[in-house]
1. What distance in nm lies between label points placed 7 Å from Cα along the C-beta direction at E13 and Q60?
2. Take the alpha-carbon positions of the chain, form their convex hull, and give its projected area averaged over all directions (one quarter of the hull surface) in nm².
3. Relative to the Cα centre, what is the charge dipole magnitude of the chain, using +1 at the beta carbon of each Lys and Arg, -1 at the beta carbon of each Asp and Glu, and rounding to the nearest 20 debye?
4. I'd like the FRET efficiency for R5 and I67, computed as 1/(1 + (r/R0)^6) with the beta carbon distance as r and R0 of 35 Å, rounded to 0.05.
5. Quick one: angle between helix 37-54 and the longest Cα principal axis of the chain, in degrees between 0 and 90, rounded to 10, please.
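Taken together, the values in this text are just the output of simple stated rules run on the coordinates, not laboratory data. Model, not experiment: these values are computed from the prediction. Neighbour counts are summed over all protein chains in view; Cβ atoms, including those assigned to glycine, are modelled from backbone coordinates with ideal geometry.
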Amino acid sequence: MDDTRREIYIVIERDEDGFFVGEAPQLRACYSQGRTLDELLVNMREVIELCLEDQDDLGQLPEFVGIQKLLF
């Protein structure tokens, strides 16, 4: 098994222009967009690879806990 693999979660939203926007909250300033969900996922893989290259220690990624919806 490859010990360098990491689980990176992404949060996906759709903006006012209909683009899909993704962010990897475990990585600082790691986000991208795409016209389709498939395009977004390709773009997110590329930007995550770049963000991981900038990390000092891959073993120190914050644990992703989840997303909670609050109603106001």
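1. So the label points at E13 and Q60 sit 2.9 nm apart.
2. Taking a quarter of the hull surface, the average projection is 6.3 nm².
3. With only Lys, Arg, Asp and Glu charged at Cβ, the dipole is about 300 debye.
4. Working from the Cβ atoms, E equals 0.95.
5. 40
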